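The values are calculated or read from the model by the stated rules, or taken from the named source; none is laboratory data. Since the model is a prediction, treat every value here as computed from it, not as a measurement. Ideal geometry is used to build each Cβ from the backbone, glycine not excepted, and the neighbour counts take in all protein chains shown.
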Amino acid sequence: MSHIGSQKQKEISAPSNISDYWESRLEENFGLHGAGYIGLGKQYNNSLYKIRRNVFLRKMKSMHFDFTSSDVLDIGCGTGFYVDLWNKMGVRSVTGIDITNIAVRSLKNKYPAQKFYRADISNQEDIENLNTKKYDIVSAFDILFHIVDDNRYENAIRNIHSMLKPKGIFVFSDNFVHGPAISSTYQVSRSLSYIEKTLVENGFEIIQRRRRVCSNEHAC
């Protein structure tokens, strides 16, 4: 579920920050094409997300977890791809947060019974202002490597831990390398050792690495 490599981007007028970048990008291409590898075309992204769907469902089912009594928070809910998959797993509820207004507005219309908030997971004030309940599962798929600043990345991990119930599960995908970080304007591939160190220092216990799963005693 981790992807390492360069992404050819369609030019968008230079945004002042990451939220402006994604707002502009999704306004122009709202859907899997805009959320995925935009320079590789719709057919590629449709195939990629079909694989991601199958991997997600297979992996979650293999956990033998009682999803029907689980409240889920999906970070970077975007176009709702994983919101839909969590619903297919039969979870009790799904809440989503995203850095863009367009995603929150669109998903509120698509899933009126569920809650969506505009928030930056790396911003402590944003998370405190949400004042939401704690969750059995927090997910963040292909999100954290877009937080290029290490301090904000560590804030994000800390905030995620604070939003989990005891014994909660954090499941996420991230780019990583076995060496120095490789960074660009809008994404970074951090070293695996740094990612694992950050998780452990913030209270997580690592129980799986491939298709990472973390719990709030915590495991990932």
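So here's what we get for this one:
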quantity	calculated
Breaking point among (1) within 25 Å of SER70 (Cα to Cα); (2) within 17 Å of the chain's Cα centre (by Cα); (3) modelled with pLDDT under 95, for PRO166	(2)
Condition met for ALA140 (within 24 Å of LEU57 (Cα to Cα), in contact with a helix residue (DSSP H, G or I) (Cβ under 8 Å, 6 or more places away or on another chain) and of a type in the set (A, V, I, L, M))	yes
Flag for LEU199 being surrounded by 15 or more Cβ atoms within 10 Å (Cβ to Cβ), modelled with pLDDT of 90 or more, more than 17 Å from the chain's Cα centre (by Cα) and of a type in the set (A, V, I, L, M)	no
Subset of region 116-143 [hydroxyl-bearing (Ser, Thr, Tyr) and either outside any strand (DSSP E or B) or closer than 15 Å to ASN101 by Cα (or both)]	TYR117, SER122, THR132
Members of region 105-141 that are over 13 Å from LEU73 (Cα atoms), surrounded by fewer than 19 Cβ atoms within 10 Å (Cβ to Cβ) and touching a residue at least 24 places away in the same chain (Cβ under 8 Å)	LYS110, TYR111, ASN123, GLN124
Flag if SER173 is of a type in the set (S, T, N, Q), in contact with an Asp or Glu (Cβ under 7 Å, 6 or more places away or on another chain) and surrounded by 15 or more Cβ atoms within 10 Å (Cβ to Cβ)	yes
Some residue of region 153-161 being touching a Gly at 6+ places or on another chain (Cβ under 8 Å), closer than 20 Å to TYR82 by Cα and of a type in the set (A, V, I, L, M, F, W, C)	no
